[in-house]
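Okay, structure first, notes after.
The values are calculated or read from the model by the stated rules, or taken from the named source; none is laboratory data. Since we're looking at a predicted model, the values are computed, not measured. With ideal geometry, Cβ positions are generated from the backbone for all residues, glycine too; neighbour counts draw on all protein chains shown. Note: accessible area is taken over every heavy atom of the protein model, side chains too, but ligands, DNA and RNA are not part of it. Shrake-Rupley method; radii C 1.70, N 1.55, O 1.52, S 1.80 Å.
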Amino acid sequence: MKAESLRKKKNWASHQKTWYGKWHVWLGLIAGTIILIVSLTGTILVYRDEIDQALNPKLFKAPAQGQKLSFGQITEQLKRDHPDWKPEFLFRAEGDNHENLPYRAHLEGKEPEREIFVNPYTGAVTGSRIHDSAFIDIVLEIHRTLLIPVVGRYVVGISALILVILTISGLRLWIPRQWKYLQSRLVIKRNASLSRQNYDLHQVLGLYSSPMVLLIALTGVVITFLTIIAPVMFLVSFEKPKSLAQILNNKSVYVKGAKPISIDSAVAIAQRAFPPKSEIRGVVFPDGVKGAYAVYGQGPYVTKTGDNNFLYVDQYSGKINFNTAVDLPNTGKMYLNWVTPIHYGTFGGSVTRVVAFIASLIPSILFITGLVIWWPRWKGKAKKKLRKRRTMSPVSDFESPPNPNQR
């Protein structure tokens, strides 16, 4: 009975491993090319600010010279110097040395969408460009949507989910049948054939990188499917769920004849509402008579990227309609402060960014090494099937059938 039970367990383990193996191979083949593209673009985006600034040094030149102008002062100067411009928002450029960087804005109603750069100390425009034509913006769009409108975003999100499944199934396949072979699974056999070294590299790299790859993939899934996940954030915190549309489509109460408050007034209201020592990162201006100000701030926090918050201010009454610092559940705050920083490795500075760079690169290496493992096996199986068909055929493929009229 004991031997029978042991045999059944071994058969089940073998069957399970075969099942995991098939899923691992076919999911890898289906989503592998997309994962390769997203992986390689992800490595670039880890250092997107540095790359963008290196490629466009003139646009990002705004050396510190005294006191910065307020958001309101800059906006008024833009209106005076360029009466036909209507900025949608005004944000400081991201980067470690942001004191010497310009502010960025997009112009409303301009096709194609134009991005302008403004010196925060003088209010002068330092340059402009077509937003969608910038190298980093193209890479970002490929990473997020594969340049396919609407559908591409979800294709990328599903591929990130498949990467999670590939990582978990790969870990299951890594487990040796007998623990005495454990040590051989932890190293690459240097004296073995190239195909064996490639197989070992796939296994060893997949094992050691699995925590990093899982984090990158899972955060990618959350970012893509935020519209679905947002209500869940409230539910798990035992609060009434709110959709992303309810949070982001905040409106002002329009009163006929009412005069909107100034940009600087909205910023001052936000500054008082944000946690102490928070720095205002940018302002989104009201969209029409029913739009609201959106003010973004960043305060000191355990991560290098800081305590991120935003709020909506009624453009007439100055009332705060929504404030992430107090109205968002802890799960929502985790998203603001951790999900994107983990995905791009910015949460801990230069060390974590190197880790994120490596983690972003590894899925592409695993796809290539996996393809190298699969291709000869598939070729071998195809040849085997062909030989079998020829053997079973009554007439050889290399012989002509006999002519019945021939004597």
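Kindly flag which residue pairs out of K22/K384; K290/K319; K242/K277 have an alpha-carbon separation exceeding 22 Å in this structure.
As for pairs spanning more than 22 Å Cα to Cα, those are K242/K277.
Considering all alpha-carbon pairs of the chain, what whole percent are spaced by more than 32 angstrom?
51 percent
Report, to the nearest 10°, how far helix 2-45 tilts away from the longest principal axis of the Cα atoms in the chain, using its own Cα long axis and a range of 0 to 90°.
40 degrees
Within segment 55-108, list the trypsin sites (Lys or Arg not before Pro) lying in a DSSP loop whose Cβ has at most 13 other Cβ atoms in a 10 Å radius.
When the trypsin sites (Lys or Arg not before Pro) of segment 55-108 are filtered for loop state and at most 13 Cβ neighbours within 10 Å, K58 remain.
State whether segment 248-361 is rounded, prolate or oblate according to the following rule on the C-alpha gyration tensor (a ≥ b ≥ c being the square roots of its eigenvalues): a/c under 1.5 gives rounded; otherwise a/b larger than b/c gives prolate, and the remaining case gives oblate.
It is prolate, given that a/c is not under 1.5 and a/b is the larger ratio.
If I model a spin label at A54 and N100 as a point 7 Å from the Cα along the Cα→Cβ vector, what separation in nanometres do I get?
Taking the two extended label points, one gets 1.6 nm.
Taking the 0 to 90 degree range and rounding to the nearest ten, how far is the long axis of helix 350-392 tilted relative to the main principal axis of the chain, both from C-alpha atoms?
That works out to roughly 30 degrees.
So what's the back-of-envelope 222 nm ellipticity for the chain, counting only DSSP H runs of four-plus at -39500 (n - 2.57) apiece and dividing by all residues, rounded to 500?
-17500 deg cm²/dmol
Provide the gained length on full extension for the span V204 to Y254, in nm with one decimal, where the gain is 0.36 nm per separating residue minus the Cα-Cα distance.
Answer, rounded to one decimal: 11.8 nm.
What's the extension gain from Q65 to T227 if we count 0.36 nm per residue and subtract their Cα-Cα distance?
54.1 nm
With a 1.4 Å probe and all protein chains left in place, how much accessible area per residue does the chain have, in Å²?
Per residue, the chain has 59 Å² of solvent-accessible surface.
Using the basic label-point model (7 angstrom from Cα toward the beta carbon), what is the I138 to F89 distance in nanometres?
Going from the I138 label point to the F89 one covers 2.4 nm.
Order the peptides 363-376, 188-201 from the highest to the lowest mean number of other Cβ atoms within 10 Å of their residues.
Output ranking for 363-376, 188-201: 363-376, 188-201.
Just read off the accessible area of E76 with the full protein assembly in place, 1.4 Å probe, to the nearest 10 Å².
It works out to around 90 Å².
Could you give the length gained by full extension between K189 and Q246, i.e. 0.36 nm per residue of separation minus their alpha carbon distance, to one decimal place?
14.9 nm
Excluding I136 itself, calculate the net charge of residues whose Cβ lies under 13 Å from the Cβ of I136, where each Lys or Arg counts +1 and each Asp or Glu counts -1.
-4
Straight-line reach from K256: which aspartates and glutamates have a Cα under 17 Å away, not including same-chain ones fewer than 8 places off?
D287, D314
With a 1.4 Å probe and all protein chains left in place, how much of the accessible area of the chain comes from carbon and sulfur atoms, in whole percent?
It is 62 percent, rounded to a whole number.
I need the calculated FRET efficiency for the pair V355 and R387, taking r as the beta carbon distance and R₀ as 35 Å, to the nearest 0.05.
The computed FRET efficiency comes out at 0.10.
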